[in-house]
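Colleague: Got a structure for you, written out below as C-alpha cells; questions coming shortly.
The values are calculated or read from the model by the stated rules, or taken from the named source; none is laboratory data. Note that the structure is predicted; figures quoted are calculated from it, not measured. Here the Cβ is made from the backbone with ideal geometry for all residues, glycine too, and neighbour counts use every protein chain on show. What goes into the accessible areas is simple: the full protein's heavy atoms, side chains included, and nothing from ligands, DNA or RNA. Shrake-Rupley method; radii C 1.70, N 1.55, O 1.52, S 1.80 Å.
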Amino acid sequence: MAVISTSGLARTFSTRQGPVEAVRGIDLRVDPGEILGFLGPNGAGKTTTLRMLTTLLAPTGGAATVAGCDLVADPAGVRRAVGYVAQSGGVDPHVSVREELVTQGRLYRLTRAQAVARADELAADLGLDAVMDRRTAALSGGQRRRLDIAMGLAHRPAVLFLDEPTTGLDPASRAGLWDLVRRLRDEHGTTVFLTTHYLDEADALADRIVVVDRGVVAADGTPEALKQAHGGSAQATLQDTFLAITGRGPAPVDSTPVAV
Ligand SMILES: Nc1ncnc2c1ncn2[C@@H]1O[C@H](COP(=O)(O)OP(=O)(O)OP(=O)(O)O)[C@@H](O)[C@H]1O
Ligand SMILES: [Mg+2]
C-alpha cells in the first residue's frame, strides 16, 4: 500500500495577470519508509505540491491520499500523519528555542511533561542543546533551519515533508541531517518526501527520484535507473542526468531511450 498516492493532482492560481498553472497534473506513488527526492527547476511546482499534500493549499484538480486519508475528505487525518518543514520557516522570534519546541509538542496534544522530554530529545537529535535557552531571533541561519526541522518532527509524523531542508546549512550540519533522515527511515519507518537543489544530496539520500518540470512529472526512478535512461550511462552524474531530463543542458551522447 502506497503511503502517498496522487492522481492528476493540480493547482492553478488566479492572478490579476491571469491563471498560473503551478501544478498541472502530478501522478505518483510513494511506499512506506521510502526516501523520495522530489527535484525540479525553480518554479517547477515542488513547493505547491508539498503544500497540497500537507493540506495547506487546496488542489484545483485531481486527487490524493496521504497515510490512507483523502486530502479533501479527511484533511485532519492527513495533518495528524504528516510533518512539514517549509522552504522558509516561521518561528516566533520572541520565545526561546525550548519554549518553541514545547509549544509545538503541546499543539500536537502531548502533555507538558511529554512535550518537555520531547524537546530535549529533538535538541539532541538536531544539535540544538547549546542554544535551547536562546531566543529564536538570535539563532544563526543554520541553527534556525535545524529548529524548523525539529518542529516538523515534534509529533513523530509517519510522513515527513522537507522543502529544501539543507539550504544554508554548513557541511557538518548537512551530513548530520542526512544521518537523521536515514535514522528516521531505518528506526521508525518514516517516509521522507524531500526537495533539494543539491543533486549530490539527492544521489546520496534518495531511494527514488521524481523530477518535476513545468508542473508535471518528467522522470521517476532510482538514481541509477535515471542515470542509465537519461544521463547516457549508470556512471553519469545526477547533475548531467537532471539537465538532460529538464532540457536545460546538453543532450547525452548516447540518448537511446531506456524504460525506467
Ligand atoms: N500563490 C501564488 N500565486 C500565484 N502564483 C504562484 C503562487 N504560488 C506559486 N506560484 C507560482 O507557481 C509556480 C510554482 O511555484 P513553486 O513554489 O511550487 O515552485 P518550486 O518548484 O517550489 O520552485 P523553487 O525551486 O524555486 O522553490 C511558480 O511559477 C510560482 O510563481
Ligand atoms: Mg519551492
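Colleague: Using packing as a proxy for protection, rank 125-137, 48-60 so that the peptide with the highest average count of other Cβ atoms within 10 Å comes first. Please list the in-between numbers first.
Modeller: Numbers: 125-137: 15.6, 48-60: 21.0.
Ranking, from highest mean packing down: 48-60, 125-137.
Colleague: To continue, here is another question. Run the numbers on the range 144-219 and let me know its relative contact order in percent, using alpha-carbon pairs under 8 Å that are six or more apart. Don't skip to the answer; put the middle values down first.
Modeller: Details: 58 pairs, mean separation 22.2, N = 76.
Across the range 144-219, relative contact order equals 29 percent.
Colleague: Continuing with the same structure: Roughly how many nanometres apart are two label points built 7 Å out from the Cα toward the Cβ at Arg29 and Phe13?
Modeller: 3.2
Colleague: Tell me, what is the percent relative contact order of the range 89-217, built from C-alpha pairs under 8 Å that lie six or more residues apart? Don't skip to the end; give the middle numbers.
Modeller: Working: 136 pairs, mean separation 28.3, N = 129.
Relative contact order here is 22 percent.
Colleague: Now for a different question. Once fully extended, how much extra length lies between Arg112 and Gln87, figured as 0.36 nm per residue of separation less the alpha-carbon to alpha-carbon distance? Before the final figure, lay out the partial values.
Modeller: Numbers: separation 25, 0.36 × 25 = 9.00 nm, distance 2.87 nm.
Length gained, Arg112 through Gln87: 6.1 nm.
Colleague: Between the helical axis of 112-126 and the dominant principal axis of the chain, each derived from Cα atoms, what acute angle in degrees is found, rounded to the nearest 10?
Modeller: So the helix axis and the longest Cα principal axis differ by about 50 degrees.
Colleague: Over the chain, what relative contact order in percent results from Cα pairs under 8 Å that are six or more residues apart? Don't jump to the answer; show the numbers that get you there.
Modeller: Values: 507 pairs, mean separation 57.3, N = 260.
Computed over the chain, the figure is 22 percent.
Colleague: Using a 1.4 angstrom probe and counting only protein chains, how large is the accessible area of Ser14 in Å², to 10?
Modeller: 110
Colleague: Which of these, Thr190, Thr237, Thr166, has the largest mean-square fluctuation under a Gaussian network model of the chain (Cα springs below 10 Å)?
Modeller: Thr237
Colleague: For the range 75-207, what is the accessible area per residue in Å² when the probe is 1.4 Å? Working shown, then result.
Modeller: Details: 6030 Å² over 133 residues.
The answer is 45 Å² per residue.
Colleague: Where the accessible area of the chain is counted over protein heavy atoms with a 1.4 Å probe, how much of it, in %, is carbon and sulfur? If you can, show how the numbers build up before the last one.
Modeller: Numbers: 6110 of 12140 Å².
In the chain, the share of accessible area belonging to carbon and sulfur is 50 percent.
Colleague: Enter the Cα centre distance for the pair the range 228-243 and the range 16-48, rounded to the nearest angstrom.
Modeller: 21
Colleague: Right, something else. Taking the chain as a Gaussian network, Cα atoms linked when under 10 Å apart, which of Gly141, Gly25, Gly90 shows the biggest mean-square fluctuation?
Modeller: Gly90
Colleague: Shifting gears a bit: Taking the simple approach of a point 7 Å from Cα along Cα-to-Cβ for both Trp178 and Val72, what is their distance in nm?
Modeller: Computed distance between label sites Trp178 and Val72 equals 4.1 nm.
Colleague: Continuing with the same structure: Within the range 48-83, whose backbone N sits under 12 Å from a point 7 Å along Cα→Cβ of Thr103?
Modeller: none
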